1. Can you list the lysines whose alpha carbon is less than 18 Å from that of K274, not counting same-chain residues fewer than 8 positions off?
2. Highest GNM mean-square fluctuation, the chain, Cα pairs closer than 10 Å: which of P301, P208, P276?
3. Could you derive backbone 3J(HN,Hα) for region 276-286 from the dihedral phi with the Karplus parameters 6.51, -1.76 and 1.60 (θ = phi - 60°), listing whole Hz in sequence and x where the residue is Gly or Pro?
4. Measuring with a 1.4 Å probe in the full set of protein chains, what accessible area per residue, in whole Å², belongs to region 99-177?
5. Name the aspartates and glutamates eligible as straight-distance cross-link partners of K180: C-alpha to C-alpha under 20 Å, and not fewer than 8 places from it in the same chain.
6. How much mean residue ellipticity at 222 nm does the chain get from its helices, if each DSSP H run of length 4 or more adds -39500 (n - 2.57) and you divide by all residues, to the nearest 500 deg cm²/dmol?
7. Residue by residue, what Karplus-based ³J(HN,Hα) values in Hz, rounded to whole numbers, does region 220-236 have, using 6.51, -1.76 and 1.60 with θ = phi - 60° and x for Gly and Pro?
8. Need the full-extension length gain, K284 to Y176, defined as separation in residues times 0.36 nm minus the C-alpha distance. One decimal, nm.
Amino acid sequence: MKNNTVILGGGISGLVSAFYAQNANQNVYIYEASDRLGGLISTTQTEYGIVESAANGFILTSEIQNLLHKLNLKPISAKKESRRRYFYSNRKITQFPLSFCDLFRAVFGFLFLNSKLRVNETFLQWSSRIFGINTALKIIEPAIGGIYGAKLDQLDTRMLFSKLDWSKNQSFFRRYLTKKNKKKNLGLVSFENGMVSVIQALESAISPKAVIYLNRKAPNLSDLLNEYESPALHICLPLNECYSYLREIVDQIQIPNFLNISTITCFVQERITKKPGFGILFPKGERMNASGVLLNSDIFPHRIIKENLWSETWIFISDPQTIRSDEELLDLLMQDRRRIVAAAMPPVQSYVTHWHRKFPVYDKALYEFNRKLDQLEVDYFDRGIKIIFKGNYRRGIGLRNLIEMATR
Ligand SMILES: Cc1cc2nc3c(=O)[nH]c(=O)nc-3n(C[C@H](O)[C@H](O)[C@H](O)COP(=O)(O)OP(=O)(O)OC[C@H]3O[C@@H](n4cnc5c(N)ncnc54)[C@H](O)[C@@H]3O)c2cc1C
């Protein structure tokens, strides 16, 4: 007899989970609240080129390569020139914002200083102690803050490096060498027609056999357990929905913190860097409005259709109370572009995407929330019920982590 796997949420976490469950010969049921699969990920083909709503690429590992092979998907690799990463420092674009002394201090700390966390040490304090304050503020803050959206003193080091063992007294270098489940990074990839290709391929692979309920919110847990005989339940909801779902079954669960993210993908007539590159990160001290900009047409081929245009994605992160209109954001974007290139022209076309309260803050509250989820998984397992929580609030925001987690 086949077992039942019930998946709540049809984003990439849910779809990859569904694919593996089906390959393991399970009956698969997906509940998706919206009218389409893919969640945050979607691609729009515009008359200027591709516009992604969230991820525009992901890190390939042998495990993900295997999945793409099964899905008959051929990824495209990032262009060589996108290895160049830029920082905005002292009103200039530079690849290396540190002095020789800062670099020496950072390498020394990385190799030799004890990186074990101290009691109540914030990520800002920890990274300044290990790498030096200049590296923390000029490199780590824009790089990590740009990905996770929060200020360094909000972030929780254990959440950011959840695969590292934090129990031992050792340097960060040693800790990194002994990382659990270390997978080789095979480079950044995407697809010729954008990230939607992976969603479409997963959908076509699972839809002949899986039962997919669109426009259906996840039923509550007791109804699910009544309806399906001993199901494996994969909760692949966004953090805000996962929290609401849990409130029905757990008392006293602390509300995690969320962020708003808005992006503007625009097609522009002039480059903002002299040479091609991946993008520019803006440290908070530089007083730019955006957290950073991705130079899409320098990263992957096939990103623009019209000649003499470039594609950029500007990322704006704010707390959940700050809601900005499209016009306000476009105005902020132009202010930033003109700080970099004084004579910058307005974009030929721009596309704004807002994600309100969809992004987790990787802080202490999220660490505690995850511990609660881990405990719930164990408690339910002891009662003979398999429940697994998956999503970008568990072990990292990027698709690499999500896809690897979804294979569980
Ligand atoms: C602007 C931006 C840029 C990004 N760039 C990158 C990148 O370059 N590389 C990278 O690796 N990652 C990137 N990410 C992260 C990555 O895109 C996301 O973490 C990932 O897509 C999340 O997938 P998910 O399936 O876990 O969640 P989601 O995509 O949020 O899917 C959850 C699904 O659950 C559904 N749902 C919600 N409530 C209910 C309910 N009550 N019942 C049933 N269903 C429900 C939703 O409709 C949705 O379909 C980016 C994210 C953003 C926002």
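The values are calculated or read from the model by the stated rules, or taken from the named source; none is laboratory data. Nothing here was measured: the structure is a model prediction, and the numbers come from that model. For neighbour counting, all protein chains shown are included, and Cβ atoms are generated from backbone atoms with ideal geometry for every residue, glycine included. All accessible areas refer to the heavy atoms of the entire protein, side chains included, with ligands and DNA or RNA removed. Shrake-Rupley method; radii C 1.70, N 1.55, O 1.52, S 1.80 Å.
1. The qualifying lysines are K79, K80, K92.
2. P208
3. Calculated HN-Hα couplings, in order: x, x, 6, x, 10, 9, 10, x, 4, x, 7 Hz.
4. Value returned for region 99-177: 51 Å² of accessible area per residue.
5. E63, D156, D165, D374, E404
6. That calculation yields -9500 deg cm²/dmol at 222 nm.
7. 6, 4, 5, 5, 5, 5, 6, 6, 10, 7, 5, x, 8, 10, 9, 8, 10
8. 36.1 nm
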